[in-house]
Amino acid sequence: MRTMGERGGGAEKLAEVYKLAAEVPSSQHGTFSRTQLLSVQTVTSTPSLTMKMLLVLAAVAALAAAAPQADPRQATIVEEVNEPSIGVGPWKWSFRTSDGVSRSEEGVLVDAGTENEHIEVRGTASWTDANGNAYTLTYTANQDGFQPQGAHLPQPGRK
C-alpha cells in the first residue's frame, strides 16, 4: 500500500485520498486502520498554508479598504501652543493636525523705540499633498520683506 506523499493543494489531496482508497482491496473496505483514518482526516481537513495566507491577506485588504480615508476637512488639532505677546514682548504659536499639517511662528519686536524699530517673524509650515509629496516651507519676515525658502520653491539661478 502507498503512503501519503508530500501534501499539495486541496484538490490534489482529495485526489490522493481517492487513489489510496481505490488501492484497498474490496474485502477490506470499511476496515481502515486508525493510522489510515487519521491520514485521510489530516489530508482533507487541514487548511494548507497557502489557504491560510490567502485568508489573512483578504482580511488585511478588507480592513485597509474599510479604513477611513484622510479628508483634510475632517482634520483635528492634535497639538497647539499659543504664547501671545503682552505689549511689545515676543510671541510664539504652533499647531499640528491629525492629517500631518504643522505650522509654527514666533516673532519679536526688534530695536524697540528707535528709528529702526521693526517686527521680525520666523516660521515654518509642513504638509503633504494629495499625491503624497511632503513639503516644508520656512520663512522670515522683517524690514527686508518676506523671504520664503523651500525645496519646492523656485530659487534664483536655479532652473
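The numbers here are math on the coordinates, done by the rules we state, and not lab data. Quantities reported herein were computed from a predicted structural model and do not represent experimental measurements. Note that each Cβ is placed from the backbone with ideal geometry, even for glycine, and that neighbours are counted across all protein chains shown.
Once the Cα-Cα distance is subtracted from the 0.36 nm per residue extended length, the Ala130 to Leu109 segment shows a gain of 3.8 nm.
Taking GluC sites (Glu not before Pro) across the stretch 79-127, the ones in a DSSP loop with at most 13 further Cβ atoms lying within 10 angstrom of their Cβ are Glu115, Glu117. Grab the other residues whose beta carbon is less than 12 angstrom from that of Ala141, score K and R as +1, D and E as -1, and report the net. It works out to a net charge of -3.
Summarising the label geometry, the points placed 7 Å from Cα in the beta-carbon direction at Thr140 and Val78 lie 3.2 nm from one another.
Short-range pairs are left out: with C-alpha atoms under 8 Å and at least six residues apart, the relative contact order of the stretch 99-154 is 27 percent.
In terms of the Cα gyration tensor, with a ≥ b ≥ c the square roots of its eigenvalues, is the stretch 101-159 rounded because a/c is under 1.5, prolate because a/b exceeds b/c, or oblate? Judged from the Cα gyration tensor, the stretch 101-159 comes out oblate (a/c at least 1.5, b/c at or above a/b).
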